[in-house]
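K.L.:
Here it is, the structure, as structure tokens.
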Amino acid sequence: MSEALGAGMEEPSDRDGAFPRLSDEQRERFRKLGEVRAVRPGDVLFREGDPGGYDFFVVESGAVAVVQGYGHENRVIAIHGAHRFLGELNLLTGSPPLLTAVVRDAGEVLQVPVSQLRTIVSSDEALSNLILRAFLARRSIMIDLGAGVKVVGSRYSRDTRRLREFLARNRMPYQWMDLEDDEEADKLLHALGIEAGETPVVVGGAGVLRNPSNGELAAMLGLGSRGEPPAMCDLVIVGGGPAGLAAALYGASEGLDTQAIDAVAFGGQASTSARIENYLGFPTGISGSELAERAQLQARRLGARLVVPAQAVGLVEADGHYAIEIEGGDAINGRTVIVATGAQYRRLDLPDIERYEGAGVYYAATQSEAQTCAADPVVIVGGGNSAGQAAMFLSQHASSCRLLIRGGDLAKSMSRYLVDEIERREQVEVLVHSEIVELRGEDALEAVVVADPSTGQRTELEAKALFVFIGASPHTGWLSGHVAMDEHCFVLTGRDVQGADLALFGDEQPFFLETSRPGIFAVGDVHSGSIKRVASAVGEGSMAVRLVHQHLARR
Ligand SMILES: Cc1cc2nc3c(=O)[nH]c(=O)nc-3n(C[C@H](O)[C@H](O)[C@H](O)COP(=O)(O)OP(=O)(O)OC[C@H]3O[C@@H](n4cnc5c(N)ncnc54)[C@H](O)[C@@H]3O)c2cc1C
């Protein structure tokens with residue numbers, strides 16, 4: 001049966017550098033590190049879900065099929081012919097394979113242990129770029145194809161949503177089978193002997209999980225670092241957005257024993273941005289998820305341990321170090337702590353809002369968003385200064401600009417100078433007593449429906465872009481009572497720590513980015529007065545590591 005897998009199927013084209021062929025010279029390099037062996041149709045090179053990870057294979061001759069659900073579903077995802085190589089991102093992270101590789105046409109393969117692949121990756125820039133680009137592109141293709149585990153669950157189930165979000169944020173390919181209208185979902189459950197009441201279930205090469213916790217699912221997929229942390233780390237970083245990832249990278253590369261944890265996924269808010277246009281070094285922009293994936297690989301390669309999911313729920317100070325308490329009962333000890341838990345931009349409570357994020361719904365109004373909606377009608381929601389500044393800025397680019405507030409008086413929440421400017425600016429129309437109740441549009445936003453809460457009257461407004469500025473709340477509940485915070489619960493650092501909050505410093509002052517507790521630093525969106533940009537978060541993450549060294553030297 002397996003001989004026929006992928007029979008007659010062509011190799012995919014080298015779309016986005018996903019399936020390059022290695023040159024004679026490049027294969028020669030690998031031949032020195034690996035072994036060439038003959039293979040026959042049906043030979044399995046690696047198997048979906050195998051906890052031991054897998055080796056790097058180059059096809060010398062013949063062809064190999066990459067298959068999802070080998071032995072039952074037998075869905076052929078790709079064929080690799082002569083001089084192409086197998087594998088994807090998880091080869092570099094040591095996680096179990098998501099697919100099975102089965103020889104279709106007899107020939108020879110070159111098998112290279114993954115440790116040797118890493119040697120090449122760190123010494124040959126051209127080859128390393130070729131492989132990394134292919135692995136990143138393959139991960140995107142697999143996500144598009146849903147070529148990974150299956151999630152069977154109802155669209156109305158909160159746990160189904162939780163599992164899907166966890167997989168999506170961690171950039172894991174998966175196929176969702178909705179119990180509500182997918183007959184295949186029923187058939188699969190029946191075949192597995194699982195009742196609908198036991199869903200959601202996750203079905204993968206490593207087995208079946210019934211309504212797993214995020215931690216159980218992460219263990220199945222081999223996400224994050226494995227093994228116990230040492231009894232004491234030099235540096236524990238809480239939060240793995242751009243700020244935390246930068247701190248992890250610099251901490252590890254500058255000789256600190258560094259452990260970073262994230263409650264859900266590394267990458268943070270930045271990884272939800274379809275395209276980051278303003279990050280230095282990427283003239284045509286970079287997708288947030290690719291930036292996050294690259295940063296994770298880099299931080300790991302330089303020795304940082306990245307653990308996910310691990311939500312900090314408390315902090316204890318003991319014997320001159322800190323213990324970060326993790327949900328579920330574990331604790332991680334560190335001589336120093338960098339808090340990088342970010343902030344959550346408040347979203348409008350509307351069904352489907354995620355569908356439009358990046359496709360009409362924005363949380364920042366920079367030049368790039370302005371270009372996206374140039375000469376289009378835009379709507380801004382929010383009554384604070386950020387909404388007012390956005391209105392002033394966007395009105396120079398958009399065909400029309402409406403600013404919506406719930407209350408009846410803009411001056412109640414916005415600075416007077418801005419209110420005056422808005423009143424003078426003809427292009428800005430302020431709509432009071434207005435609440436957005438619906439978003440409309442096929443592939444992208446086309447209109448919003450606005451209701452007057454007191455009368456219920458609804459109006460449709462044409463809008464190619466909706467800018468949401470209704471505030472952000474920091475993830476600092478777990479730190480409450482331990483470090484000084486501003487009135488909105490953002491962490492105070494450096495010179496902003498004043499008065500009685502300086503008590504623990506004696507004659508000294510906190511370093512820039514240091515909180516009211518010596519040795520605990522706060523970086524990125526979580527600290528009071530932050531810039532709320534990827535670049536500034538990364539800059540602060542790296543700066544804090546330098547200050548960690550200074551703190552350790554001061555003790
Ligand atoms: C849709 C969108 C688009 C954006 N586009 C751009 C852009 O184009 N350019 C730009 O410069 N900026 C952009 N931003 C802003 C930018 O993403 C943020 O300023 C940046 O991500 C902040 O980084 P951070 O590391 O401080 O926090 P975050 O990115 O918020 O990361 C914080 C991390 O901490 C984790 N965490 C929270 N609480 C806990 C806990 N208790 N325990 C463990 N982990 C925890 C979270 O899971 C998260 O991963 C955008 C933001 C959004 C939402």
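K.L.:
With θ set to phi - 60°, apply the Karplus curve 6.51 cos²θ - 1.76 cosθ + 1.60 along the stretch 135-143 and write out the HN-Hα couplings as whole Hz, x wherever there is a Gly or Pro.
P.N.:
With coefficients 6.51, -1.76 and 1.60, one gets 5, 5, 5, 5, 4, 5, 5, 5, 5 Hz.
K.L.:
In whole angstrom, how far apart do the alpha carbon centroids of the stretch 312-370 and the stretch 119-185 sit?
P.N.:
22
K.L.:
Enumerate the aspartates and glutamates that residue 532 could reach by cross-link, defined here as Cα to Cα under 16 Å, with residues fewer than 8 away along the same chain left out.
P.N.:
277, 369, 540
K.L.:
I would also like to ask the following. Residue 412: which aspartates and glutamates have alpha carbons under 16 Å from its alpha carbon, excluding same-chain residues fewer than 8 sequence positions away?
P.N.:
420, 421, 423
K.L.:
Follow-up question, since we're still on this one. First select every other residue whose beta carbon is under 10 angstrom from the beta carbon of residue 243; then total the charges, Lys and Arg +1, Asp and Glu -1. Working shown, then result.
P.N.:
Values: positive: none; negative: 525, 540.
Here the count lands on -2.
K.L.:
How far apart, in nm, are the 7 Å Cα→Cβ label points at residue 452 and residue 301?
P.N.:
That separation, rounded to one decimal, is 6.1 nm.
K.L.:
Right, something else. Using the basic label-point model (7 angstrom from Cα toward the beta carbon), what is the residue 190 to residue 415 distance in nanometres?
P.N.:
Between residue 190 and residue 415, the label points sit 6.6 nm apart.
K.L.:
Per residue of the stretch 411-418, what does 6.51 cos²θ - 1.76 cosθ + 1.60 with θ = phi - 60° give for ³J(HN,Hα)? Whole Hz please, x for Gly and Pro, Karplus curve as stated.
P.N.:
Each residue's phi maps through the Karplus curve to give 5, 5, 10, 10, 4, 4, 4, 6 Hz.
K.L.:
So if a site counts as exposed when it's one of the GluC sites (Glu not before Pro), its DSSP state isn't H, G, I, E or B, and it has at most 13 other Cβ atoms within 10 Å, what's the longest stretch of the chain without one? Could you put the intermediate results ahead of the total?
P.N.:
Details: sites that count: 10, 73, 180, 195, 426, 442, 487, 508.
The longest such stretch corresponds to 196-425.
K.L.:
Residues with amide H under 5 Å of residue 77's amide H, sequence separation 5 or more or different chain, H placed in the peptide plane at 1.01 Å from N; which?
P.N.:
Residues meeting the amide H criterion: 66, 67, 68.
K.L.:
Then there's this: Looking at the P(r) of the chain, how many percent of alpha-carbon pairs lie beyond 44 Å?
P.N.:
Working: 39208 of 153735 pairs.
Every Cα pair in the chain considered, those over 44 Å come to 26 percent.
K.L.:
Using Cα pairs under 8 angstrom and six or more residues apart, how large is the relative contact order of the stretch 349-480, in percent? Write down the numbers at each step before the final one.
P.N.:
Details: 249 pairs, mean separation 40.3, N = 132.
Reported as a whole number, the value is 30 percent.
K.L.:
On a straight-distance basis, which lysines could pair with residue 187 in a cross-link, Cα separation under 21 angstrom, same-chain partners fewer than 8 positions away excluded?
P.N.:
150
K.L.:
Extending each Cα 7 Å along its Cβ direction at residue 426 and residue 254, get the distance between those two points in nm, one decimal.
P.N.:
Each label point lies 7 Å from its Cα, and together they span 5.5 nm.
K.L.:
Note down the net charge around residue 268, summing +1 for each Lys or Arg and -1 for each Asp or Glu among other residues with Cβ under 11 Å from its Cβ.
P.N.:
Here the count lands on -1.
K.L.:
Another one. How large is the Kirkwood hydrodynamic radius of the stretch 162-320, in angstrom, based on all distinct alpha carbon pairs?
P.N.:
Details: mean 1/r = 0.0568 Å⁻¹.
Radius from the Kirkwood sum: 17.6 Å.
K.L.:
Tally Lys and Arg at +1 and Asp and Glu at -1 over the other residues with C-beta under 12 Å from the C-beta of residue 252: what net charge comes out?
P.N.:
On the way: positive: 300, 301, 305; negative: 234, 254, 257.
After counting each charged neighbour, the total is 0.
K.L.:
Per residue of the stretch 67-80, in order, report the coupling 6.51 cos²θ - 1.76 cosθ + 1.60 (Karplus, θ = phi - 60°) as ³J(HN,Hα) in whole Hz, putting x for Gly and Pro.
P.N.:
Along the stretch 67-80, the couplings run 10, 9, x, 4, x, 10, 7, 6, 8, 7, 8, 7, 10, 10 Hz.
K.L.:
Using only Cα atoms, locate the centre of the stretch 16-40 and the centre of the stretch 401-442, then give the distance between them in Å, rounded to an integer.
P.N.:
The distance from the Cα centre of the stretch 16-40 to that of the stretch 401-442 comes to 60 Å.
K.L.:
Can you work out D for the stretch 100-169 in µm² s⁻¹ from Stokes-Einstein, where Rh is the Kirkwood radius over C-alpha pairs, the temperature is 37 °C and the viscosity is 0.692 mPa s? Kindly include the intermediate steps, with their values, before the conclusion.
P.N.:
Details: Rh = 15.7 Å.
Diffusion coefficient, whole number: 210 µm²/s.
K.L.:
Check residue 149: other-chain or 5+ apart residues with amide H under 5 Å from its amide H, H built from backbone geometry?
P.N.:
175
K.L.:
Sequence-distant or interchain residues sharing an amide H contact under 5 Å with residue 315, placed H: which?
P.N.:
Result for residue 315 returns 325.
K.L.:
Sum -39500 (n - 2.57) across every DSSP H segment of at least 4 residues in the chain, then divide by the residue count to get the 222 nm mean residue ellipticity, nearest 500.
P.N.:
Only helices count here, giving -8000 deg cm²/dmol.
K.L.:
For the stretch 488-555, what's the relative contact order in percent, using C-alpha pairs closer than 8 Å and at least 6 residues apart? Working shown, then result.
P.N.:
Values: 80 pairs, mean separation 19.2, N = 68.
Taking the mean separation of contacting Cα pairs over the length of the stretch 488-555, I get 28 percent.
Bear in mind that the values in this text are calculations on the coordinates, not laboratory data. Keep in mind that what you see is a predicted model, and the values were worked out from it rather than measured. Virtual Cβ from ideal backbone geometry, glycine too; neighbours counted across all protein chains shown.
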